[in-house]
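The values are calculated or read from the model by the stated rules, or taken from the named source; none is laboratory data. Only a predicted model underlies this, so the values are computations on that prediction, with no experimental measurement involved. Here the Cβ is made from the backbone with ideal geometry for all residues, glycine too, and neighbour counts use every protein chain on show.
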Amino acid sequence: MIDIRELRADPDRVRASQQARGEDPGLVDAVLSADERHRASLSGFESARAEQKAFGKQVAQAQGEEKQALLAQVKDLAARVKTLEADANAAEQERDAAMRRIGNVIIDGVPVGGEDDYVVLEHVGTPRDFEAEGFTPRDHLELGELHGAIDTVRGAKVSGARFYYLMGVGAQLDQALMGLAQQITQDEGFVPVTVPTLVRPETMAGAGFLDAHADEVYRLEADDLFLTGTSEVALAGLHADEILDLSAGPLRYAATSTCYRREAGSYGKDTRGIFRVHQFTKTEMFVYCRVEDAVEEHANLLRVERRILDALELPYRVIDVAAGDLGGPAARKFDCEAWIPTQGKYRELTSTSNCTTFQARRLSIRERDPQGGGTRIVATLNGTALTNTRPMIALLENHQQADGSIHVPEALRPFLGGRDVLHPVGGPGQTARLTELQ
């Protein structure tokens, strides 16, 4: 949630942010109107309450007819107090509901527009020319089946569309990728955390995942709990309602967890293979810091993500995501997109967002004001170190050889028993053999 004081002081900035996001700037006026009514009703309520207390003293001292007359006035005043309080509460609820529909105020320089209006900041590496090498690249699913690594048919049989099994070397690659992400984040000073993947509604809402994208999350109605689509949610809730000590610098955490997303609205998109799935594993970084340090911490999260992608020897690009594609909590987001040879385009692998004070304000996470005079809201940031499926796709396709074998980047070899090449294990014949054994 944005700061109501900032909205009052500079509503035009918030309107401009809404317009850049492609969202309704009229929400700003709805907030201001409800806020004005709330403050007027609250002022009237407080004045009437003070008058009510004064009348109470007069009634205690009065006698006879005077007392009866005062009691009648007290009754009328009590009704007015009750009405003013109800009006103030209603206006506050209306204001806060409108406030929750306003996304974080974007940082100056964020590109205006939607999904296709990003700005490319840098290209790293050069995509391979498979034609010059004399063969047509296989896609990740064909490679996965050739290696006995990916089984989407049985995944669909057991759980439905967009589910899968990782078998043999597929499961080993999954663990290797998470091992690499965990090793690098710990080297970078992030505290490893194991998080719950079921959270209460207030935690999910506080992290900003029950606003415009509530249809993307799984809910367990019987328990009133939500399955998280990222460790960001649980890490954001870790210090809810706390006062943090940031005198020694930011608090940096990294968690690996199973994540769940409904992928609502993605019907027909990326249906082949494991690019867009309902369940995956992800290592997520999360930072609590002072507001003044947020831009520097954002750059650091991007640096760590790039270090991981460099270790995987993948060609990729870094983009500055446009305002309309940010998501509500983010004030700025950078994505790293790897080249996927068989798709002939770059696809998102990692992202990092500066959420400024948006999440922490909802979750009441503060620090002692270094200038004195109480507490203030902290900033939060998040960054995907690595997921298991999309980097696996990029890894298989970019490092494949003509015979179907896969070159293993040096950084991954310690997590794969020192192997530098992964060899096919039978492909369709292997699948047929497994079927015959059932």
Run down GLU337, GLU348 and say which single residue is in the same structural domain as HIS399 (by TED's automatic domain parsing) and touching a residue at least 40 places away in the same chain (Cβ under 8 Å). GLU348
Considering segment 250-270, residues that are touching a residue at least 12 places away in the same chain (Cβ under 8 Å) and assigned to a loop (DSSP other than H, G, I, E, B), and then whichever is nearest to VAL304 (Cα to Cα), we arrive at PRO250
Is segment 187-202 home to any residue that is buried (at least 20 other Cβ atoms within 10 Å of the Cβ) and charged (D, E, K, R)? no
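This table checks each residue for (1) in the same structural domain as GLN400 (by TED's automatic domain parsing); (2) without any contact (Cβ under 8 Å) to a residue 60 or more places away in the chain; (3) closer than 27 Å to HIS140 by Cα.
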| site | (1), (2), (3) |
| --- | --- |
| LEU312 | yes, no, yes |
| ILE319 | yes, no, yes |
| ALA330 | yes, no, no |
| ARG368 | yes, no, no |
| GLY372 | yes, yes, no |
When residues of segment 350-397 are filtered for being crowded, with 23+ Cβ neighbours inside 10 Å, over 17 Å from PHE286 (Cα atoms) and out of contact with any strand residue (DSSP E or B) (no Cβ under 7 Å at 6 or more places or on another chain), how many remain? 2
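The rows are residues; the columns are (1) touching a helix residue (DSSP H, G or I) at 6+ places or on another chain (Cβ under 7 Å); (2) at positive phi.
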residue: ALA214; (1), (2): no, no
residue: GLU221; (1), (2): no, no
residue: SER231; (1), (2): no, no
residue: GLY249; (1), (2): no, yes
residue: ILE274; (1), (2): yes, no
residue: VAL295; (1), (2): no, no
residue: HIS298; (1), (2): no, no
residue: ASP325; (1), (2): no, no
Are any of the residues in segment 283-296 part of a helix (DSSP H, G or I), closer than 19 Å to GLU122 by Cα and under 16 Å from the mean Cα position of the chain (by Cα)? no
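Each row is one residue, and each column tells you yes or no for (1) within 27 Å of the chain's Cα centre (by Cα); (2) farther than 30 Å from ARG162 by Cβ; (3) assigned by TED's automatic domain parsing to the domain that holds ARG162.
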| residue | (1), (2), (3) |
| --- | --- |
| ILE365 | yes, yes, yes |
| ARG376 | yes, yes, yes |
| GLN401 | no, no, yes |
| ALA411 | no, no, yes |
| PRO414 | no, yes, yes |
| VAL425 | no, no, yes |
Mind counting the residues in segment 262-293 that are under 21 Å from ALA330 (Cβ atoms) and either modelled with pLDDT of 95 or more or of a type in the set (Phe, Trp, Tyr) (or both)? 13
Inside segment 134-153, can you point out the residues that are out of contact with any helix residue (DSSP H, G or I) (no Cβ under 9 Å at 6 or more places or on another chain) and without any contact (Cβ under 8 Å) to a residue 60 or more places away in the chain? GLU142
Among the residues of segment 140-181, the number that are touching a Ser or Thr at 6+ places or on another chain (Cβ under 6 Å) and either modelled with pLDDT under 95 or surrounded by fewer than 22 Cβ atoms within 10 Å (Cβ to Cβ) (or both) is 1
